[in-house]
Amino acid sequence: MTGPVNERKASLNMASRPRLARGVRMREDKVRGRTVLLAPERTVALDETGIAILNQLDGKSTLRQVIDTLAETYDAPADVIEKDVVAFLDDLGARRFLEFES
Amino acid sequence: MNAPPGIHPPMAMLAELTHRCPLACPYCSNPLDLKTRAEELETREWVRVFGEAADLGVLHVHLSGGEPAARPDLVELTAAASGSGLYTNLITSGIGLNEKRMDALADAGLDHVQLSVQGVDEQAADRVGGYTGGYRRKMDVARMVRERRIPLTVNAVCHRQNMDDIHCIIDLAVELGARRLEVATVQFTGWATVNRQQLMPTRAQVAETTAAVELARRRLKGVLVIDYVPADYYATYPKACMGGWGRVGLNVDPSGKVLPCHAAEMIPGLVFDNVRDKSLAQIWYDGDAFNAFRGTEWMKQPCRTCERREIDFGGCRCQAMAIAGEAAFADPVCAKSPHRYLVDQAIESLGVDFVEADFRYRAAPERTR
């Protein structure tokens, strides 16, 4: 399962197996009643969609599998889900919040 | 205690574990009057403060100094902060860290390391840091952080004497495997106030740096995130200092004194509470120093009716104090400030031909007493 980790360049395609990078974690913010993503000098408040996507990232499932699972779970068209997931993960990738198993 | 209406809980806490530091950077943000070792909070006191911070709503704790690795209990403190659920960031010069200690820190749950660099080659960097061998040590510490896959930020304070190397600073961050680079133009608080002539960049340097950062951000998208603090003295409007006074973060100094910002002690008349006497929640919500410049009620003109008053909160109180002579005045870098001419005079007095002048280095805590 643990191949070499490509930490250097975040590149996303349907075969990549994304997960949150070391030093990036999701936690409950009880005081403010929300879920946040914590990263170096950053706090990102997550909505239900973001939480659902991040819960699927385990470094084993490919992006394709993540999208299909979400489409099935939420009974939504895969192309709609795909658009949301790719936009969300592209943004996280640009911020260096993700790493990829290859 | 319950939060009064309109005051949000803090997001971040800067924990200045000690003012002791092997480096002597001439722009150190610590106050001129440094706390001694004897005055420092004990381990159990910091542990309690971390717990109180997490309960209050703090999400990020920045373990800083001085050099935090000068505390023999750094690993224990990191474990306590992490155990309270805080995102733990170590802000370090790298001096005092070795393989064994780095392993222990990683095991303690350290989330992020922010490593300062003073220059891009050994000679220049060690001259600014005032510590021979510092640069080499830092390169080694960067490797240790990278090998443990802890995210690394390179923190470069930029000023007149290193700003021309901005391209090399960016390349160095990439080479060291940093995920993030902080390019912070020197701010004139703390020790920088006594080295203003030697440190203040020229307008041309600032323009070049801004352009270089913009270009690098595009070139290095997905490789390196660059956070840039531009020189406010060449700007039209002030920075939203601290994201607003008593609005986002707080600072606990080595003796337990709680400050709205690291430089706040320079403002006369403010009374600062100590975590030895009161809870962090009491201090944040009820403390006189925190309420002194909260919101917009304290503002004078031109801030009071300015359309930007909730964007920049009137800028930096310490800068208003230092240059305009009163903390409640508008930050004098603002084009609307009647004191802007004082900033312009300081810029003009820089002169065109720059001769490398000697720094007045930061002292050690013991020597200031």
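The values are calculated or read from the model by the stated rules, or taken from the named source; none is laboratory data. Quick caveat: nothing in here was measured; it's all calculated off a predicted structure. Please note: Cβ atoms are built from the backbone with ideal geometry, for glycine as well, and neighbour counts cover all protein chains shown. Surface areas here come from the heavy atoms of the whole protein model, side chains and all, with no ligands, DNA or RNA. Shrake-Rupley method; radii C 1.70, N 1.55, O 1.52, S 1.80 Å.
Using Cα-only point scatterers and the Debye equation, what is log10 of I(q)/I(0) for segment B:113-163 at each q in 0.20 Å⁻¹, rounded to two decimals? Those come out to -0.67, one per q.
Cα centroid distance between segment B:66-83 and segment B:188-254, in Å? Each part reduced to its Cα centre gives a spacing of 27 Å.
With a Förster radius of 60 Å applied to the beta-carbon distance between B:ALA363 and A:LYS83, the computed FRET efficiency rounds to 0.55.
One chain, two ends: B:GLN123 and B:LYS100. Fully extended at 0.36 nm per residue, the span grows by 5.5 nm beyond their Cα-Cα distance. The listed residues B:MET321, B:MET242 rank as B:MET242, B:MET321 when sorted by accessible area, largest first, using a 1.4 Å probe.
With no solvent and one equal point scatterer placed on each C-alpha of chain B, evaluate the Debye formula and give log10 I(q)/I(0) for q = 0.11, 0.12 Å⁻¹, two decimals. So the normalised log intensities are -0.77, -0.94. Residues B:ASP253, B:ASP140 ordered from highest to lowest accessible area at a 1.4 Å probe: B:ASP140, B:ASP253. Taken across both chains, chains A and B shield about 2500 Å² of accessible surface from a 1.4 Å probe. Measuring max minus min along each principal axis, the C-alpha atoms of segment B:47-121 give extents of 43, 24, 18 Å (largest first).
Quick one: dipole size for chain B, taken about the Cα centre, charges +1 on Lys/Arg Cβ and -1 on Asp/Glu Cβ, in debye to the nearest 20.
I would put it at about 320 debye.
Altogether, the Stokes-Einstein calculation at 25 °C and 0.890 mPa s, with the Kirkwood radius of segment B:1-103 over Cα pairs as Rh, returns a diffusion coefficient of 168 µm²/s. Farthest towards the positive end of the charge dipole of the protein assembly as shown, among the residues B:GLN345, B:HIS60, B:VAL47, is the Cα of B:GLN345, using unit charges on the Cβ of Lys, Arg, Asp and Glu.
Expressed as a whole percent, the accessible area of segment A:16-101 that falls on carbon and sulfur atoms is 46 (1.4 Å probe). Stokes-Einstein diffusion of chain A at 4 °C, 1.567 mPa s viscosity, Kirkwood radius from Cα pairs, rounded to a whole number: 93 µm²/s. Distance between the modelled labels on A:THR43 and B:ASP55, one decimal in nanometres: 1.8 nm (7 Å Cα→Cβ projection). Of the residues A:LEU38, A:PHE88, A:ILE67, the one whose Cα sits farthest toward the positive end of the charge dipole of segment A:16-101, with +1 on the Cβ of Lys and Arg and -1 on the Cβ of Asp and Glu, is A:LEU38.
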